[in-house]
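So the structure is just underneath, and the comments pick up after that.
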Amino acid sequence: MNDKDGLRGQVFSRRAALLSLAGVATFGGLSARLFTLQVTNGERYRMLAENNRIDRRLIAPRRGTIYDRFGVELAKNVQNFRIMLVPEQAGHVEETLDRLAGTIELGEAARRRIRRDIARNRAFVPILIAENLDWETFAYLNANGLDFPGIQPDVGDTRVYPYPEVLSHVVGFVGPVAENDKGTEPELRIPGFRIGKDGVELAFEPQLRGHAGGRDVEVDASGRLIREIRSEAGEQGADLVLTLDLGLQKFAADRVAGESAAIVVMDVATGELVALVSQPGFDSNLFNRGVDIETYRGWQNDPYQPLYNKATKGLFPPGSTFKVVTALAALESGSMRPEEGVYCGGAIQLGDAVFHCWRKEGHGSVDLHRGIKESCDVYFYEAARRTGIDKMSEVAMRLGLGTDYGFALPYTKAGRVPTKEYKLSHFKSAWQTYDSLNTGIGQGFLQVSPLQLATMTARIANGGFAVVPRLVRSVGGVTHDHSEAASIGAEHAYLDRILRAMTAVVNEPRGTALGSRLTGPGLSMGGKTGTAQVRRITRAERATGVLKNDELPWESRDHALFCGFGPTDAPRYSIAVVVEHGGGGSSAAAPVARDVMREALTRDPARRPTFSPMAAAGPATALALKDGR
Amino acid sequence: MTGMFDSAFHPDLPTRIGEKLFEINWGLIFFITLIACVGFAMLYSAADGSLDPWAERQMLRFAVGVLVLLVVAMIDLRVWMSLAYPAYGAALLLLVAVFLFGEIGKGSRRWLDLGPLTLQPSELMKIALILALARYFHGLNFAKLSNPLFLLPALAMIAAPAAFVGVQPDLGTAILIVAGGLGVVFVAGLQWRYIVGAGLAAASLVATFGEWFWNERLHDYQRLRIITMLDPMADPQGAGYQILQAKIALGSGGIWGKGFMQGTQSHLNFLPEQQTDFIFTMLAEEFGLMGSLFLLVLYIIVLGYGVAIALSSRSHFGRLVASGVTLNLFLYVAINTGMVMGVLPVVGVPLPLVSYGGTAMMTLMFGFGLLMSVHVHRQMEIPRSHSLLF
């Protein structure tokens, strides 16, 4: 060994020590990294590992059934026979589809969707091939499953509306979950899940939906099921019983078939709606299955607006039906004594303006009774002038105008009862006497819905109780939202006078709705007609003679209104009829009201025993659906 | 100058097999076996509680490996020294052969199909390079180390195989070859001015050609691995999946782990290649921080034996071989654990003695055999200009 060898030995030892130090440092770093991953962030990674491992599979809850007051199913679930295809079991998918095409309808569009679904999912996920199959086809495919490799028959639920056109607006409909519907509820992520989109289906969505059952299953990296960890039974949706009488509802709807109209029939004692009709309707079943664009456009562009619930959302000037409000306001304020006469010469002068009565030749001396019976405008101009808007709007509000009652149906409109503040804030001008005059005969700023007209009439006819419209009797067997109506604080004597005058409208000579008199044992009706102007009548027209309503295009014709009650001696039902652009209230609305009231009094739904569903709590339909991952 | 194998000047040197066996460092073998046993347990778990298909075969290979180790350890260091250059030449030729005729597997050429057995010459080269460099520096006058002319052959010895392995492409092994080789050059006593100079040169090279290299010379999957190492969430379902799932497995183990055979990530197949390169994550998932640290400590002990053996060798060749083997083991462990912990890009480097794989096991055991041979022959002095067989 020479010196050089000794030297390189020393150098080697130093270098080896240096490298060892570096190695120790490296291991220190690795240990620190391990500590960070396993201890500092251990909890986070544990959760990620659990998420990897556990998959929630949801079992769709059965949606609650909707009944009418006598237990007729208005919205129900029927078995939806469908077939699925498991691509990995099918072997040759196209071949299976070809063979299926001989049994079920399988267009190119459907095939495209199937191919897309297959491409998007893993090979063991069942793909929907066809649904709503009839029993024969379904049974055939079940029996001959071997001929169709990979086919999996499956029974799901689908929502069906047996009376779609008659109840489209009330019951509403369900539809697929849209992107902006996505909430946090697990049910919404079930493929093919349907939620309420309108009507009671929307308003009572939380109650009707129920809760999805779930199974926590352990899956491997490819998503294949390894074992079940936990399963939890779902809860089916609550059943709803409505206040409606389907028989009356159908009758009323048929009565105005072909018109654009709304009919509301209310139990004056409870506020329960026994009919709530808006015509025309639409086939609510289509929304569930997927409505095609032409049909939908057709509905949208139809001037009769089938998609719109005119009974709760349709707003009209009340016209002469409002005169009962003016009358009560005048009586309560003392500005008019009941027997006090007002002379009607066909018009009244106010400053420079002339306010015409609908009867050009005038009514002569008119008291309250004749004023209502013959609907004399001049009488109510005078009553409104003396009473003033403050009192009129106060009474209107007490009678249930200008509010939506927190009604059961979504988007119910509150309408408008004008006040001085309203005009000031919306038109930047002060309330004038002529505004009061216009309001007094139900024109001007006033806006009411048929639902409000029926409520107003009910509050007069029931002796002054502030009933509110009710549509739902019970939810899941529990009485829904029933409270005693408070008094509106009106003198019975005044209400009696108005009721008698309204009875005269239909039953006494020169009454505006005498032609719609209702006779028969126990049958009678009182009410008030109204005709709401859609266009202004010009001075020139007055000179040359006003065009007859039928001579005008449909959309320029007057709205025909009628609000009434029956029977006259002890009222049980109130009714409101609005025929859009139907012409005069006496000719177009009152006859409808008479027929519907006759049917209501004959069927008398309020006095017959009602249905109460059993508190059903069966297991949710076993429809295992994968929580998309 | 005495004849070869003549130990007459050193009467205390072991010469007979019996004496040599007595000199074997059984402590080192014990710890190597312990690490291998950790591997068997993990392979048993990876197969969901079955010796088949991995644990059984791995045990068999290890048994063969121990025999190889003992045989290699018995052979005189001078024989290894004389075999160094021929072995290196043969390995290089095989690498060229792979380059020309190699079997393609997983997108790269790494194997030679020789009838009954497939050969991965890059593994041979790891050993051969250590031997060749050790022999070169052993025979080199220390003063000449400062002369770049004498440094160049060593660098060429490293660069040639690295280039062939790199184009296979097997970046992991190429890096191991370069790092291991430079490590030997470092401990051989390369002067600091060269080291600093080379560092600066490398930095400027990266600055100059880095972008070109990144864009033109790296394969897509290599680039992707580097990108995803830096940010696995960039593509959690694609390229980042492996590293993300590995980190989840590792982290979810916590301090004590989920228990033997209870790792959800590995048993539900979220971990790819759990029996090979990513086996450490499985250990970490099932035995937690404690289990991981235990294995790391075992490696540190074995590495400590290696350093001790290198320092105690009286021949420069022995020192360099021992340090080369130790350095290689260290690089394996550090790169593998670093990559599964997400601090290094995913390059195919197995966890020594634990990952399933026959070739790597044999290379390792052969390496340990050399280490052991250095230990057995630690008292042997080999003159710088010792005449050899070749």
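Values as computed for the structure displayed
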read-out	value
Members of the range A:480-524 that are in contact with a Ser or Thr (Cβ under 7 Å, 6 or more places away or on another chain), outside any helix (DSSP H, G or I) and aliphatic (A, V, I, L, M)	A:Ala513, A:Leu518
Matching residues, the range A:34-54, being under 17 Å from A:Ser231 (Cβ atoms) and buried (at least 20 other Cβ atoms within 10 Å of the Cβ)	A:Arg53
One residue from A:Pro613, A:Pro605 being modelled with pLDDT of 70 or more and within 30 Å of A:Asn80 (Cβ to Cβ)	A:Pro613
Pairs, first more than 14 Å from A:Ala493 (Cβ to Cβ) and without any contact (Cβ under 8 Å) to a residue 40 or more places away in the chain in the range A:329-343, second part of a loop (DSSP other than H, G, I, E, B) and of a type in the set (D, E, K, R), C-beta under 6 Å, six or more apart	A:Gly341/A:Asp367
Residue that is farthest from the other protein chains (Cβ to nearest Cβ), among those in the range B:307-326 that are surrounded by fewer than 24 Cβ atoms within 10 Å (Cβ to Cβ) and either more than 20 Å from B:Glu23 (Cβ to Cβ) or touching a Lys or Arg at 6+ places or on another chain (Cβ under 9 Å) (or both)	B:Ser312
Qualifying residue in the range A:50-60 (condition: free of Cβ contacts under 8 Å to residues at least 12 places away in the same chain, outside the structural domain of A:Arg215 (by TED's automatic domain parsing), touching a Lys or Arg at 6+ places or on another chain (Cβ under 9 Å) and within 29 Å of B:Gly263 (Cα to Cα))	no
Any helices (runs of 4 or more DSSP H) falling wholly within the range A:1-90 and containing at least 2 residues that are over 30 Å from A:Asn142 (Cβ atoms) and within 11 Å of another protein chain (Cβ to nearest Cβ)	A:3-35, A:42-53
Test result for A:Val324, at pLDDT 95 or above, β-branched (Val, Ile, Thr), in the same structural domain as A:Gly526 (by TED's automatic domain parsing) and more than 30 Å from A:Thr479 (Cβ to Cβ)	yes
Odd one out for A:Ile460, checked against (1) at pLDDT 95 or above; (2) under 22 Å from A:Gln249 (Cα atoms)	(2)
Residue ranges of helices (runs of 4 or more DSSP H) in the range A:290-373 with at least 2 members among the aromatic types (Phe, Trp, Tyr)	A:293-301
Index of the failed condition, B:Val184 passing every other in (1) within 23 Å of B:Val347 (Cα to Cα); (2) modelled with pLDDT of 90 or more; (3) in contact with a His (Cβ under 9 Å, 6 or more places away or on another chain)	(3)
Residues within the range B:246-256 that are in contact (Cβ under 8 Å) with a residue 24 or more places away in the chain, within 9 Å of another protein chain (Cβ to nearest Cβ) and of a type in the set (Gly, Ala, Ser), tallied	4
Evaluation of B:Thr33 against (1) closer than 21 Å to B:Val325 by Cβ; (2) of a type in the set (S, T, N, Q); (3) without any contact (Cβ under 8 Å) to a residue 24 or more places away in the chain (one fails), failing number	(3)
Odd one out for A:Leu244 among (1) exposed (fewer than 14 other Cβ atoms within 10 Å of the Cβ); (2) in contact (Cβ under 8 Å) with a residue 24 or more places away in the chain	(1)
Failed condition for B:Leu329, given (1) buried (at least 24 other Cβ atoms within 10 Å of the Cβ); (2) more than 8 Å from chain A (Cβ to nearest Cβ); (3) part of a helix (DSSP H, G or I)	(1)
Exclusive hit being modelled with pLDDT of 95 or more, in contact with a helix residue (DSSP H, G or I) (Cβ under 8 Å, 6 or more places away or on another chain), assigned by TED's automatic domain parsing to the domain that holds A:Thr529 and part of a helix (DSSP H, G or I), set A:Ala593, A:Ala576	A:Ala593
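The rows are residues; the columns are (1) surrounded by 24 or more Cβ atoms within 10 Å (Cβ to Cβ); (2) in contact (Cβ under 8 Å) with a residue 40 or more places away in the chain; (3) not in a helix (DSSP H, G or I).
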residue: A:Met397; (1), (2), (3): no, no, no
residue: A:Ala408; (1), (2), (3): no, yes, yes
residue: A:Thr412; (1), (2), (3): no, yes, yes
residue: A:Tyr422; (1), (2), (3): no, no, no
residue: A:Ala430; (1), (2), (3): no, no, yes
residue: A:Tyr434; (1), (2), (3): no, yes, no
residue: A:Gly444; (1), (2), (3): no, yes, yes
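The values are calculated or read from the model by the stated rules, or taken from the named source; none is laboratory data. Quick caveat, the model's predicted, so the values are computed rather than measured. With ideal geometry, Cβ positions are generated from the backbone for all residues, glycine too; neighbour counts draw on all protein chains shown.
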